[in-house]
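Before any comments, here is the structure.
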């Protein structure tokens, strides 16, 4: 099995360009944009490779479940388990400060 290659700065630029083209295509190309896209894609074999990578990435992302379908994301605040609400309430309580006498003593011991 081949190890994935590390993208070069040129690959990153080409991927960004490909992503822009795909976003424009998703919104709908004008005839001029479609001609420009085809010209760009055919100008360099790396352009077609970048388009293929971005299309594959988009296909994989579309397979992910929607966050809106995850009950953990849309849980009303009152429906949280009591252990979570108790921990959150405890974290919100201010901590007690050391007494001035104890503070001075510890400060002296550091000198």
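The values are calculated or read from the model by the stated rules, or taken from the named source; none is laboratory data. Since we're looking at a predicted model, the values are computed, not measured. Quick reminder, even Gly has a Cβ in these numbers, built from the backbone with ideal geometry, and neighbours come from all protein chains shown.
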Discussion item. Just to check your reading of the model, which residue among 15, 11 is at pLDDT below 90, in a helix (DSSP H, G or I) and within 23 Å of residue 59 (Cβ to Cβ)?
Written reply: 11
Practice prompt. Could you identify the single residue in 94, 45 that is out of contact with any strand residue (DSSP E or B) (no Cβ under 6 Å at 6 or more places or on another chain) and at pLDDT 90 or above?
Written response: 45
